[in-house]
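*Asks:* Provided herewith is a single structure, encoded as structure tokens, for subsequent inquiry.
The values are calculated or read from the model by the stated rules, or taken from the named source; none is laboratory data. Here the structure is a predicted model, which is why all the values come from computation and not from measurement. Reconstructed Cβ throughout: ideal geometry from the backbone, glycine too, with neighbour counts over all protein chains shown.
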Amino acid sequence: MRKPAFRRIVGVAAALLPLSLLATASSASTTTTVNVVGYSIVSNAYSALEKAFQQTAQGQGVTFTNSFGASTSQAQNVVAGQPADVVNFSLQPDLQLLIDAHLVSRTWASFPAVKAQKGMVTDSVVAIVVRPGNPLAIHGWNDLTKSGVQIVTPDPISSGSARWNLLAAYESQIAQGLKPAAANTFLNSLIGNVVAEPSSGSKALSAFIAGTGNVLLAYEADALSAFVSGQKLQIVQPAQNLLIENPAALTTSGAANPGAVAFYKFIFSKAGQSIWLKNFFRPTLASVGRQLKTSLYSPVSLTRITTLGGWAKVNPKFFSPTGIVTKAEVAHGYTS
């Protein structure tokens, strides 16, 4: 674990925080409520984003309701009728559920204020979290199949974080030059070492902190936040990783809500992206992200969903009823 790098991230983020007060607006929004629905890990970030937005001209009179939980479960809840104006999920397939239900426009990523970022409000990578002192000598993905390793990772049925984690594990083997069959064997062995699959990323972190397992697979942002808050853990930065991309969109009700539209623009703006950074997410706005180049952990190999053919190919290959991850989960006693 490279603590100096973590301190630089914290220092840069703190220096950027005042930018949250610099958002400008031509007129204040009318009194309105904005319903925000998102995946579990972003809860703290939205508390800060909403508070900062309410201090801007456009945020005057805007109030918020919030609902955060396992990404896929949250998306299913919105489809079932839960009020939502701004949604932020762990991965694009969860947003697709709302698109298919005609609750989000198919051109959501082309909204003018977010087009440059392609609708992805934050990035992250997978962190391997271990107990202080790293007693099992975990230095990368290959060590996770060793005897005695007890892994906590969320449930891939409900959690987007889980899908990022397991996909990153599989692709770490491909990045090292292994064939798909060997990567499949590795993934089966890794899932064989899983001892708990909480429903969301935040619940997985809580379980690990409470003493479950000796390795946690988590969002970098969640792991860093826990580390800086004083939790007793250590973060391993594997040589191979996967770029996590998190979509945010306006729903049809949100597009008709001036307060929601203004807030949506804000979370993609320089002010909003600076707050995301303070919460240890990787900004998608280049002008903010450039300021962290010397502080961010850079894996030797960073796989992107686009290089794998996009989620349209990844989802059926890995997470369908006959997918690679699903088969491995069932083989080790996790129901599909």
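*Asks:* Restricting to helices (runs of 4 or more DSSP H) lying wholly in the range 197-298: which have 2 or more residues that are closer than 13 Å to VAL125 by Cβ? Give the derivation first.
*Replies:* Details: elements: 201-209, 220-228, 252-255, 258-268, 270-278, 286-289.
Result: 220-228.
*Asks:* Does the range 29-48 hold any residues that are aliphatic (A, V, I, L, M) and not in a helix (DSSP H, G or I), and which are they?
*Replies:* Kept after step one, since they are aliphatic (A, V, I, L, M), are these residues of the range 29-48: 34, 36-37, 41-42, 45, 48.
If the condition is that a residue be aliphatic (A, V, I, L, M) and not in a helix (DSSP H, G or I), then VAL34, VAL36, VAL37 are the ones that fit.
*Asks:* Continuing with the same structure: Scan (1) part of a helix (DSSP H, G or I); (2) within 21 Å of THR322 (Cα to Cα); (3) out of contact with any strand residue (DSSP E or B) (no Cβ under 8 Å at 6 or more places or on another chain); (4) among the small types (Gly, Ala, Ser) for the single condition SER158 breaks and write down its number.
*Replies:* Exception for SER158: condition (1).
*Asks:* Restricting attention to the range 324-331, does a residue exist that is at pLDDT 95 or above, on the phi < 0 side of the Ramachandran plot, in contact with a Phe, Trp or Tyr (Cβ under 7 Å, 6 or more places away or on another chain) and not hydroxyl-bearing (Ser, Thr, Tyr)?
*Replies:* Yes, the range 324-331 contains a residue that is at pLDDT 95 or above, on the phi < 0 side of the Ramachandran plot, in contact with a Phe, Trp or Tyr (Cβ under 7 Å, 6 or more places away or on another chain) and not hydroxyl-bearing (Ser, Thr, Tyr).
*Asks:* Related question: Across the range 51-97, what is the number of residues that are in a helix (DSSP H, G or I), farther than 28 Å from PRO154 by Cα and of a type outside the set (Gly, Ala, Ser)? It would help to see each step written out before you state the result.
*Replies:* Step one: list which residues in the range 51-97 are in a helix (DSSP H, G or I), which gives 51-54, 71-79, 92-97.
With farther than 28 Å from PRO154 by Cα added as a condition, the list becomes 51-54.
Checking which are of a type outside the set (Gly, Ala, Ser) leaves us with 51, 53-54.
Matching residues across the range 51-97 total 3.
*Asks:* Oh, and also: What about ASN246, is it within 19 Å of PHE281 (Cβ to Cβ) and either modelled with pLDDT of 95 or more or touching a helix residue (DSSP H, G or I) at 6+ places or on another chain (Cβ under 9 Å) (or both)?
*Replies:* Details: within 19 Å of PHE281 (Cβ to Cβ): yes; either modelled with pLDDT of 95 or more or touching a helix residue (DSSP H, G or I) at 6+ places or on another chain (Cβ under 9 Å) (or both): yes.
Taking the combined requirement at face value, the residue satisfies it.
*Asks:* Which residues, taken from the range 77-93, are more than 22 Å from PHE266 (Cβ to Cβ) and either buried (at least 24 other Cβ atoms within 10 Å of the Cβ) or in contact with a Ser or Thr (Cβ under 9 Å, 6 or more places away or on another chain) (or both)?
*Replies:* The answer is ASN77, GLN82, LEU91, PRO93.
*Asks:* So for the range 94-114 (the condition being more than 15 Å from GLY254 (Cα to Cα), polar (S, T, N, Q) and outside the structural domain of PHE319 (by TED's automatic domain parsing)), does at least one residue qualify?
*Replies:* Checked against the condition, which is being more than 15 Å from GLY254 (Cα to Cα), polar (S, T, N, Q) and outside the structural domain of PHE319 (by TED's automatic domain parsing), the range 94-114 yields at least one hit.
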